[in-house]
């Protein structure tokens, strides 16, 4: 769902544009706990902490879209489990890499491939995207690395991914993992009805930050994103995101939430420029988050003050208009996974 909203906010730098953001990223997106030798070396099955770095670009000035360069980083808690073919597969929270790949076992892990065909555009051209990911487990099955790529033709968009991870528990259940403390809570008022979810078992938890630079007629278009994601064991999603874009002196902030639990499902979207005070005041957002080798957490409350400006994209037809948020509706999620004894790990 996020992928449907994001491209409209970030239209995508000329040939040769180089985007180096290593010094610009918030602290916390690099580094992993040292390997815990007490964990099993028999298989990679378990819960892992991973960090990733992703770089994308459209390098050709002749392409139909504005050339751009993007860099992003994530930290996630994920699972490695054996699939029906006996391949130990790594899950992801990042929706761009959370897809049904075709897997092929290798001596040290697996290779994942996926071919996606888009819709034909007005000129009769159909874009095709080829994604490839190679995951390699260390011989002790306590650390891993991965390299990935995603190329879209004929547009010319190219993405590279690097990933590193360490096993933090032999358990594949966040609820039962002795090495971890995992919490989830959701308080809400949805369509005027109050409720709460006191607990949930995670499938993955992640925090992502990204920056994109686009050149439009000689002016740089700057876009940044902060994304906070939780999936439960039934693949139901709790996600919040903040997008900022600066273009020709105008700054636009977009706030969003996707909340899908056993008890409630809703989406919020609010996008306002700095010259729209009524729109900016229509949503109240409070946030605290952490991201380090000790774990990840986010505590975010998104409240609808004026539903003239805060919408649910699912409510845009006469048959679904009843889903439009009410003034006073809110979604307040508290999510955390921490490693209890990471400081005691030995190299």
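The values are calculated or read from the model by the stated rules, or taken from the named source; none is laboratory data. Because the structure is a prediction, the values reported are computed rather than measured. Note that each Cβ is placed from the backbone with ideal geometry, even for glycine, and that neighbours are counted across all protein chains shown.
Some values worked out for this structure:
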{"quantity": "Members of segment 104-139 found to be surrounded by fewer than 16 Cβ atoms within 10 Å (Cβ to Cβ), touching a strand residue (DSSP E or B) at 6+ places or on another chain (Cβ under 9 Å) and farther than 27 Å from residue 57 by Cβ, listed by number", "calculated": "104, 105, 106, 108"}
{"quantity": "Residue list for segment 157-176, filter: modelled with pLDDT under 95, buried (at least 19 other Cβ atoms within 10 Å of the Cβ) and over 17 Å from the mean Cα position of the chain (by Cα)", "calculated": "157"}
{"quantity": "Matching strands (runs of 3 or more DSSP E) fully within segment 213-323 where at least 2 residues are under 30 Å from residue 165 (Cβ atoms) and either modelled with pLDDT of 95 or more or over 16 Å from the mean Cα position of the chain (by Cα) (or both)", "calculated": "219-232, 237-247, 250-260, 283-292, 295-304"}
{"quantity": "Where a residue in segment 139-157 is over 21 Å from residue 119 (Cα atoms) and its partner, wherever it lies, is modelled with pLDDT under 90 and surrounded by fewer than 16 Cβ atoms within 10 Å (Cβ to Cβ), with Cβ under 6 Å and at least six apart", "calculated": "none"}
